[in-house]
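Comments concern the structure below.
The values are calculated or read from the model by the stated rules, or taken from the named source; none is laboratory data. Since the structure is predicted, the reported quantities are computational estimates derived from the model, not experimental observations. Reconstructed Cβ throughout: ideal geometry from the backbone, glycine too, with neighbour counts over all protein chains shown. Side chains are part of the model used for accessible areas, which takes the heavy atoms of the whole protein and leaves out ligands, DNA and RNA. Shrake-Rupley method; radii C 1.70, N 1.55, O 1.52, S 1.80 Å.
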Amino acid sequence: MRAAIRFLLLLVGCLALLAWGASALFNRQAMAWAERDMAMRARLAASAASPSLREATGTAARKLLDAMVRDERLMGAALCMRDGRLEVASNGFPTPLGCNALPAEAREADEEGWDRTIPGPLGASHLTVVPMAEDTEPPRLLLLVHDMSFVDRRADTTRRYTFLAFALVGLLGAAAASVVARLSWLSWTTQLRKVLLAPFRATSATAPRRFQPLLSDVRDLVSSLALEEARTESGWTPERLQQVLRRQLGGEGILVVANREPYIHERDDAGEVRVVHPASGLVTALEPVMRACSGTWIAHGSGNADFDVVDAKDHVRVPPDRPVYDLRRLRLSKEEEKGYYYGFSNEGLWPLCHIAHARPEFRSADWEQYQRVNRRFADAVAEESGSPDPIVLVQDYHFALLPKYLRERLPRATILTFWHIPWPNAERFGICPWERELLEGLLGSSIIGFHTQAHCTNFLESVDRYMESRLDRERHSVVQGGRETLVRAYPISIDWPSRWADEAAPVAECHAAVRRELGIPEDALLGVGVDRLDYTKGIEERFLAVERLLEREPGLHGRFWFAQVAAPSRTIIEAYRGLNERVEALATRINERFGRPGWRPIILARTHHEPPAVFRLYRAADLCYVSALHDGMNLVAKEFVAARDDLRGVLVLSRFTGAARELSEALIVNPYDIDSAASALSEALVMPAEEQEDRMRAMRSLVSELNVYRWAGKMLLDATRARRRERLASRLSIGKGLPR
Ligand code: G6P
C-alpha cells in the first residue's frame, strides 16, 4: 500500500513537471510568433501612413497618428527626431516609452527598422522604430507601440488548459493501467496456482521461466519438510527436542497450562513439608518435556503448603532436586474449584467424553466458574509471556475456552492444545448445553491434538454439526474467521529411558522386597493394577476377572495374589465416593469367598504411591492388568513396559485404551467380557519366558521410539510448518487463496 501511494505521488509529480515544461515551451513559441506578427503589422502601418506623414507636421501629423492608433493593439504612435526629441505623438501615448527612452541603436535604425519587446507592470509592449522615407536629413523616426499583454493572458489560459489536459490524461492512464494490472495479476496468480497445484516433476520443466525462482523456493521448502518428516519418526531425545525449540522456534521457553501441577507441596501431621508427585497421566507425560525445554508451567496450586514455598509472584523453581523450570501457581477459591474443577470439568466433561456409563451433570453455576477460571488462566499466561508470540501448550478438558481467550489477548501466539481424554461422537457431544462455546473456545488454537485419529474425526464431525465454519477434510483442519486450526493425532507417551526405571533396584531385589512388604511368599504369582480410583478404569471389572480366574483354576488358590494400588481421586464427587465403596466391598467379598488363612487374593491399597514405589511394584509383577473401560491413551501400560528391562512380565490390556493401538504385543482384552479377561490372566500366568521376552522386547522398542519427546517434537514441528506456510503465503501475497 505504501509503495502504491509513493508511486502515485511520483506519477503526479512527473505529470505536473511535464505540464509545466510543455506550457513554458508553448508560451515561448507563442511570444515569438506574436513578436513577428507585431513587427509585420507595424511595418505595414508605417508604410501605409508614410506618404501622408511625410508632408504633415504639427496638428496634421498628430491627427494622422491618432487615426493610426485606432487599431486596437496599437497603444501609441510618435514621430521622433534622431536625437531623441519628440516631434509629435498620438493622444494618450504611453510617456515612459517615449522618444527619449529609445536606446542608441533604435535612434540609428536604418530602413530595416528596429524592434524590441519590453516587459511592463501591465503586460509586455512591442516597440517598432521605422525611419520615414522623406527628404529631411536625417529622416525622422516613426515609433509605434503595440500592446502585447494579450500574449501573457493567452499564456495563462494555455497553462491552465495544459495542466487540465495532463491531469485528464494522467487519470485515464492510471485507470487503464490499474485495469491492465488487475487483469495481468489475475492471470499471473491463476497460472501460479496451476503450477503450484500440479506435481513438481510435471511442472519444473514446463513451468514458465518467471515462475522458476519461486518454484525452486517452494521445492526447497517441500524437501526440507519431507526431510523433517522422515526425521520426525525416530530418534527423539530431550536434546533433540531442545534443538527443535532452538532452531525452529527461536529457542524461547514454552508455557504449559495444565490444571494439575507436577509437584504438590503438602504439610504432613508433623508439620513437615513434603513434595508429592500427583497420579496423573498428563503430569507423567509432560513433566519430562518441561525438564527438556524449560519455561513455565501454570497450574492450580492445590497443595496445602503450595503457597508457603512460592515467591512474590507465586513462582517456585522445580524439580525440587534440580530446578530447571518455573511452576506458577494460581490460587482458586473454594467456589471456583467446586464449579470449574469438580463440577463442569469432572462431573460434566469427564463423563461426557468417556463411555463409562456415568451420567454427565451440567449446571449453569459450574459453567460460570469454568468460564471465569479459564479467563483467569488466560490472564496468567499473558502475564507470564515474555513475547507477543509465545508458544503455549494448553492441556486437557479443563481449558476448552482458554485458547479463544488467549487468542484475544495474544493474537500471534502459537497455541497447541492437547485433549488428553477421548472426544465423543457428535451426537453425544451435543448433550452439553454449551457445545458451540466449547468448540469455539478450542478453535482459538493453532493446533488441536488428540491421541487417536478416531477422536480427531469425532471432533471434526462435532464442528461440522454445531458450528458454521469451513472444514478441510483433506488437511484435517477447520477454518474460521480466516484462521486455520489443524486437528491432528499425536499419541502421547512417557520419557525414555524412564528415570524411575533407571533409579529402581534390580528386578530380583524388587521381586523379593515387594513380596516381603506385601507379606506374601517369595514364589507367589503376582498380578498388579495401578490407577487412580476412577470409574473409567474398570477396577470392578478387573476384580471380577480375578474372581472368575480363581473360580476356574483352583490350582492358583494360595499361589496367586492381585495387588491393586488405587490412588484416591476427586473424592468429593458422589460417583467417586460410590466407586470407592463398591471397590472395597467387592475386594472384601472375593477375599471372603476364596480366602483362607495366609491367603487373601486381592490386596487393595487405596493410598497415593510415589513413582519409585509404583515402579518397584511393576518390576516385581508377573502380570499387569490395565482394564480401563475407555481411556485416551493410558500411560500405566507404557510405564509397565518401561519398567521391565528384564523383558519379563505380561501386559494384559483393555482394547478400549489408546495404548492398545500401539502395544499390540500385549494380551488385548475386552474388560467387560469377564470370561475372556480371566482367560487372558490365566494365559499370562503360564506364558513361557521366551514368549514374554519376545512380546516385551517388541513393546519396549516401540515405546522407546514413540516416546514423549517425539509427541512434543511432532507437535512443535507442525507448529513450525504452520508458521512457515503462513510466511510463504504472505510472500506470494495470495493469502487464503494459496493451495496448501
Ligand atoms: C486424567 C486427566 C488429567 C488429570 C488426571 C488426574 O489423566 O486427563 O488431566 O490430571 O486424570 O486427575 P486429577 O483430577 O487428579 O488431576
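For this structure, a couple of remarks:
- Average 1/r across all pairs of distinct alpha carbons in region 96-158, invert it, and you get the Kirkwood radius: 12.9 Å.
- Working from label points 7 Å from Cα in the Cα-to-Cβ sense, the residue 505 to residue 389 distance is 5.4 nm.
- Tail fraction, Cα-Cα pairs, region 464-515, threshold 16 Å, whole percent: 65 percent
- Reach of residue 313 by Cα under 30 Å, taken over lysines that are not fewer than 8 positions away in the same chain: 334, 338, 404
- To put it simply, the accessible area of the chain at a 1.4 Å probe is 54 percent carbon and sulfur.
- Centroid-to-centroid, using Cα positions, region 486-527 and region 622-642 are 12 Å apart.
- Over region 677-720 - Rg/Rh using Cα atoms and the Kirkwood inverse-distance radius: 1.29
- Accessible surface ranking for 161, 263, 1.4 angstrom probe, highest first: 161, 263.
- Anchor residue 194: aspartates and glutamates whose Cα lies under 19 Å away (excluding residues fewer than 8 positions away in-chain): 217, 220, 474
- Solution diffusion estimate, µm²/s, Stokes-Einstein, region 73-117, Kirkwood Rh from C-alpha pairs, 10 °C, viscosity 1.306 mPa s: 143 µm²/s
- Across the chain, the convex hull enclosing all Cα atoms gives 251 Å³ per residue.
- Rounded to 0.05, the FRET efficiency of the residue 24 and residue 188 pair, given R0 = 51 Å and the Cβ-Cβ distance, is 0.80.
- Region 246-354, Rg to Rh (Cα coordinates; Rh as Kirkwood inverse mean 1/r): 1.00
- Mean Cβ count within 10 Å, highest first, over the residues of peptides 310-322, 419-431, 287-299: 287-299, 419-431, 310-322
- Kirkwood Rh and Cα Rg combined as Rg over Rh, evaluated for region 331-477: 0.96
- Once the Cα-Cα distance is subtracted from the 0.36 nm per residue extended length, the residue 675 to residue 596 segment shows a gain of 26.0 nm.
- Reachable lysines from residue 638, criterion Cα separation under 20 angstrom, eight or more residues apart if same chain: 537, 714
- Å² per residue, accessible surface of region 451-507 at 1.4 Å: 46 Å²
- Using alpha-carbon coordinates, inclination of helix 574-594 to the longest axis of the chain, degrees: 30 degrees
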